[in-house]
Each structure stands twice: as structure tokens, then as C-alpha cells.
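Notes to accompany the following structure.
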Amino acid sequence: MSTPQQFSRRTFLSTAAAATATGLVSGGPVAADVMTAAVDPTPLDGPIFVSTHAFARVANEKGMEILAAGGSLLDAIEMGIRETELDADNHSVAFGGTPNADGVVQLDACIMDHIYNAGSVAAIEDILHPISVARMVMERTKHVMLVGAGARKFALSQGVEPTNMLTEDRRQRWEEWLKTQEAMSLEESHDTIALVARGADGKLSGGCSTSGWGYKMAGRVGDSPIIGSGLYVDGQVGAAGSTGLGENVMRYCGSFMVVDFMARGAHPQDACIETVRTMGRKDPQDLQDMSLNFCAVDRFGRHGAAGSDAGFHYSVTTREGSQLINAVTVVE
Ligand code: ASP
């Protein structure tokens with residue numbers, strides 16, 4: 001049986017070499033990272049927050065602040081994501097999010113800790129912080145996932161005040177859309193904050209929150225609240241989260257696949273690359289039409305990201321500060 005390191009060297013070094021030779025991947029120093037993966041699993045000294053997109057930087061930094069003030073990693077994830085949920089100018093997450101085809105903002109979120117506890121809400125309405133309700137599901141019920149009216153009822157039973165989540169600006173935009181029914185550009189119509197983190201003690205956690213695809217069918221649930229699809233955390237291995245077209249990610253349990261590659265020795269970056277490539281190889285669609293993007297961190301504090309969307313960036317925050325990094329673009 002091969003050790004994780006042997007697997008990493010044999011499979012991922014050759015993957016990177018082949019990818020570089022054939023132009024399969026672009027946008028990042030793949031071979032160098034793979035070398036790092038094979039020979040240097042030195043744990044990072046300190047916490048690290050890794051999240052999808054530039055807008056998630058505030059979440060990373062809030063998370064860092066919470067840890068510095070003595071909060072738990074799960075507190076840091078929840079409070080970090082709440083920052084993004086509050087941002088009315090972000091039209092993909094919670095308040096100010098794009099509504100569904102009926103003009104209703106329906107939200108998806110989930111959270112997971114280092115020992116396989118998870119909580120999730122889907123298609124929840126009138127709730128400012130779905131990430132907090134997901135955590136309540138995890139900590140206060142025997143269930144993992146609540147949806148729709150039941151999720152809302154549970155939130156209210158826990159003392160959460162209902163909030164109108166449809167901003168005037170988004171309502172007007174929806175009315176325009178109703179008149180024309182035109183497909184919005186991809187940039188406008190979706191995004192997610194998936195935030196994964198490793199504490200200074202080596203523990204891992206993650207969370208995810210989104211309003212999903214703009215003008216989706218009422219009741220549509222994406223990958224984000226599905227444990228294993230939009231997010232997965234294995235405290236002994238690493239954590240991964242996704243953004244993109246949920247209908248594609250959820251058919252392959254994308255985030256679980258990333259963690260599974262890490263479990264077999266892959267550096268987080270290679271795990272993300274291999275996941276996107278695997279899904280692209282299996283699926284009849286063109287990879288470039290699938291919108292599959294992942295970011296990941298492992299138990300050593302190493303991070304990486306890859307996607308089929310050329311513009312995919314991810315945010316990384318350590319004690320040294322924050323960085324916005326261009327993720328590796330995987331092309332067919
Ligand atoms: N994955 C989200 C969804 O399908 C959207 C996104 O991240 O872009 O709902």
C-alpha cells in the first residue's frame with residue numbers, strides 16, 4: 001500500500017508535469033506547489049482563513065479578530081460569515097441577495113466543525129443570518145438540515161427576529177428581469193462565501209452562505225447547504241468549500257472530493273485541481289460551462305484553490321495579513 005507521500009509524489013507530480021506540458025492548467029505555480037506538497041508538510045504557526053472571492057476578505061479578517069479575542073474557531077467562522085451576510089452591496093449572500101423568480105430571497109447556508117458535526121439550512125426566508133441558524137441546527141437539534149418554512153419556524157423559535165431581506169434595489173432589478181426574463185450575466189447572478197479555516201491548534205472548521213442563483217425557481221437548493229458538496233471538513237485532513245453552479249457541484253459531492261484527495265496526500269491546491277479535472281472528465285458538458293470552483297486548507301495550514309472560471313480568486317488571511325490570490329484555472 002502506498003503512503004500518502006508516495007501517492008502525492010507519483011500521482012500529483014506527474015499530474016502537474018502532464019498538465020504543464022499540455023497546457024491543462026494555468027494561472028498558478030502548480031509544479032512548485034506540488035513539490036511543496038510532497039516534501040514540506042510543516043505546519044503553519046498560527047491560524048489561517050481561506051475563502052472564496054475578494055468580498056470574503058472581511059469575513060477572514062473578522063474571523064481572525066474573533067480568534068484573537070479568545071473566540072472558538074466555530075465562532076470565528078460564524079461571525080466572519082455574518083459580516084458578508086450583512087453587506088447589502090453583495091448581491092449573492094443574505095441581505096441584498098438576488099431573489100428567486102417569485103421575487104423572494106431564499107437563502108442557503110451550512111457550517112461544520114472538526115469532529116464531523118454539521119448544521120444546515122436551505123431555502124430559508126426572512127432570516128438575516130442563515131449561518132447562525134445553521135449553527136443552531138447543529139448545536140440545538142438532533143438534525144443536520146432544515147429547509148424552507150420549517151427552517152424559518154425553527155429560527156423564530158430560537159428568538160431570531162424576521163427581517164425583510166429584499167432590498168429596494170434588488171426588488172427593482174427583479175421587476176426589470178420580470179419584464180424581459182433575460183438571463184443575467186454570470187457575474188451578476190451568483191456567488192457564495194465558502195470560508196474554511198485552521199486554528200493555531202490545528203483544528204479545522206468551515207461555513208458557507210449564499211442567496212444562490214439569481215431568479216432561481218422557488219424552492220431551488222444549490223450545493224452550498226449540502227454537506228459534502230458546498231462544504232466539507234474532515235478534522236484529520238482538511239476542509240474545502242465551493243462556489244459556482246451548484247447543480248454541477250452537488251452531483252459529484254465536490255467539496256468531499258477535494259478533501260478526499262487531500263486525505264490521500266494531495267496538497268490543497270492539487271486536490272482542488274484534481275477535483276475540477278475529475279468532474280470535467282466525467283461530465284458530458286464542456287468544463288468551461290460548468291462553473292466549478294474550490295478553495296481548501298489542510299491540517300498543516302497549507303491552502304490552495306482551483307476552478308473552471310478564469311476569474312476565480314480566493315482570499316487568504318494569516319497573522320501576516322490578507323491576500324487575494326488568483327486561483328489556478330483548469331481548462332480542458
Ligand atoms: N454555488 C451557488 C449555488 O449554486 C452559487 C455560487 O456559488 O455561485 O447556489
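Summing +1 for each Lys or Arg and -1 for each Asp or Glu, what net charge is found among the other residues whose Cβ lies under 10 Å from the Cβ of residue 240? It would help to have the intermediate numbers written out before the result.
Numbers: positive: none; negative: 234, 260, 298.
Neighbour charge sum, excluding residue 240 itself: -3.
Report for the stretch 76-150 the percent antiparallel among DSSP-assigned beta bridges with both residues inside it, nearest 5. Could the numbers behind the result be given before it?
On the way: 5 of 8 bridges.
Roughly 60 percent of the beta bridges in the stretch 76-150 run antiparallel, per DSSP.
Counting only lysines at least 8 places from residue 203 when in the same chain, those with an alpha carbon closer than 25 Å to its own are 62, 142.
How large is the accessible surface per residue of the stretch 201-254, computed with a 1.4 Å probe and reported in Å² as a whole number?
Values: 1470 Å² over 54 residues.
Solvent-accessible surface per residue comes out at 27 Å².
Under 22 Å of direct C-alpha separation, and excluding same-chain neighbours fewer than eight residues apart, residue 179 reaches these lysines: 216.
Quick check for me: using +1 on Lys/Arg Cβ and -1 on Asp/Glu Cβ, what's the dipole size of the chain about its Cα centre, in debye to the nearest 20? Display every interim value, and only then the final one.
Details: 26 positive and 40 negative charges, 188 e Å.
Magnitude of the dipole: close to 900 debye.
Amide H contacts under 5 Å for residue 190: 214, restricted to partners 5 or more places along the chain or on a different chain, H placed in the peptide plane at 1.01 Å from N.
How much net charge surrounds residue 136 when only the other residues with a Cβ under 15 Å from the Cβ of residue 136 are counted, with Lys and Arg +1 and Asp and Glu -1?
Numbers: positive: 82, 135, 140, 142, 152, 153; negative: 75, 78, 85, 113, 139, 161.
With Lys, Arg at +1 and Asp, Glu at -1, the neighbours total 0.
If you restrict to DSSP beta bridges whose two residues both lie in the stretch 176-257, what percentage is antiparallel, to the nearest 5? Please report the intermediate quantities before stating the final value.
Details: 10 of 11 bridges.
Just about 90 percent of them are antiparallel.
Leaving out ligands, DNA and RNA, and with a 1.4 Å probe, what % of the accessible surface on the stretch 242-332 is carbon or sulfur? Of the solvent-accessible surface of the stretch 242-332, carbon and sulfur hold 50 percent. Peptides 244-252, 296-304, ordered by how many other C-beta atoms sit within 10 Å of their residues on average, highest first, read 296-304, 244-252. For the pair the stretch 129-169 / the stretch 265-300, the C-alpha centres are spaced 31 Å from each other. Each Lys and Arg adds +1 at its Cβ and each Asp and Glu adds -1 at its Cβ; summed about the Cα centre, the stretch 51-150 shows a dipole of about 280 debye.
Return an integer: the convex hull volume of the alpha-carbon atoms of the chain, in Å³ per residue. Write down the numbers at each step before the final one.
On the way: hull volume 40.7 nm³, N = 332.
That works out to 123 Å³ per residue.
Counting only DSSP beta bridges with both residues in the stretch 209-332, the antiparallel share comes to about 90 percent. Relative contact order of the chain, taken over Cα pairs closer than 8 Å and 6 or more residues apart, is 23 percent.
Spacing of the modelled spin labels on residue 324 and residue 282, each 7 Å from Cα toward Cβ, amounts to 3.3 nm. When only the Cβ of Lys, Arg, Asp and Glu is charged (+1, +1, -1, -1), the dipole of the stretch 239-318 relative to its Cα centre reaches about 260 debye.
Of the residues 259, 312, 291, the one whose Cα sits farthest toward the positive end of the charge dipole of the stretch 224-332, with +1 on the Cβ of Lys and Arg and -1 on the Cβ of Asp and Glu, is 259.
The values are calculated or read from the model by the stated rules, or taken from the named source; none is laboratory data. These numbers were taken from a predicted model, which means no experiment stands behind them. Glycine also receives a Cβ, built like all others from the backbone with ideal geometry; neighbour counts cover every protein chain displayed. Note: accessible area is taken over every heavy atom of the protein model, side chains too, but ligands, DNA and RNA are not part of it. Shrake-Rupley method; radii C 1.70, N 1.55, O 1.52, S 1.80 Å.
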